[in-house]
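See structure below.
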Amino acid sequence: MKAEAGKAELVRSIQALQEKLEELEFAITPIIPHDWLTTDLTMPQLKVMVILWREGPARMSELASGLAVTLATATGVVDRLVEKRFVVREGLPGDRRVVICRLTQDGQDFMKALWLSGRVQIGRILEVMTPEQLKIVEQGTEVFIEAAMKIQAASAAKKKAAESSGS
């Protein structure tokens with residue numbers, strides 16, 4: 001009975017945290033970097049840009065998988081990015097069927113500018129905090145990073161297990 005009460009309290013606490021995160025999202029919305037709102041990229045195009053920026057060159061099939069779309073749809077998304085000179089397609093030496101996509105210098109510069117504008121906005125928020133508040137944010141950030149790394153490790157292990165059972 002005591003365990004159930006503790007569990008119920010934990011659930012309420014987590015729900016309260018979710019509400020706080022929604023509050024944070026609402027508070028941040030007015031200061032979202034202008035660059036993010038004025039980009040002429042569609043969400044799928046932006047996702048491809050992020051995948052290529054974070055993970056490096058990728059096969060068209062990997063991009064389709066990352067977007068959860070068909071190869072034909074992913075090809076159309078990449079076509080628009082090629083037109084904008086953000087992405088270039090390259091054949092794989094020895095296997096012309098394989099198409100590798102990578103960011104051009106313009107694409108890399110675009111992504112760096114987007115990330116920098118986000119960092120500037122976060123800096124503005126941090127500047128108005130007291131040293132005590134900054135310490136709390138630092139500790140909370142470390143906890144979030146630790147949790148995210150656990151999830152990444154579990155995901156990588158699951159992916160590796162799936163690959164080794166499938167091969």
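Taken together, the values in this text are just the output of simple stated rules run on the coordinates, not laboratory data. All of these numbers come straight from a predicted model, not from anything done at the bench. For neighbour counting, all protein chains shown are included, and Cβ atoms are generated from backbone atoms with ideal geometry for every residue, glycine included.
The table for this structure:
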read-out	value
Span-like helix ranges in the chain, DSSP H, alpha carbon extent 15 angstrom or more, Kyte mean at least -0.5	2-28, 43-55, 71-83, 105-127, 131-166
At q = 0.20 Å⁻¹, base-10 log of I(q)/I(0) for the range 58-111 (Debye sum, equal scatterers on each alpha carbon)	-0.70
Shape call, the range 35-128: gyration tensor on alpha carbons, a/c limit 1.5	prolate
The chain - Kirkwood radius from inverse mean 1/r over Cα pairs (Å)	19.6
Under-5 Å amide H pairs with VAL87, H placed in peptide plane, nonlocal only	VAL82, THR104
Net +/- balance of residues flanking ALA153 in space, Cβ distance below 15 Å, scoring K and R +1, D and E -1	+3
Highest-fluctuation residue, SER65, SER13, SER117 considered, GNM on the chain with Cα pairs under 10 Å	SER13
The chain, helix-only ellipticity at 222 nm - DSSP H runs n ≥ 4, -39,500 (n - 2.57), divided by all residues, nearest 500	-25500 deg cm²/dmol
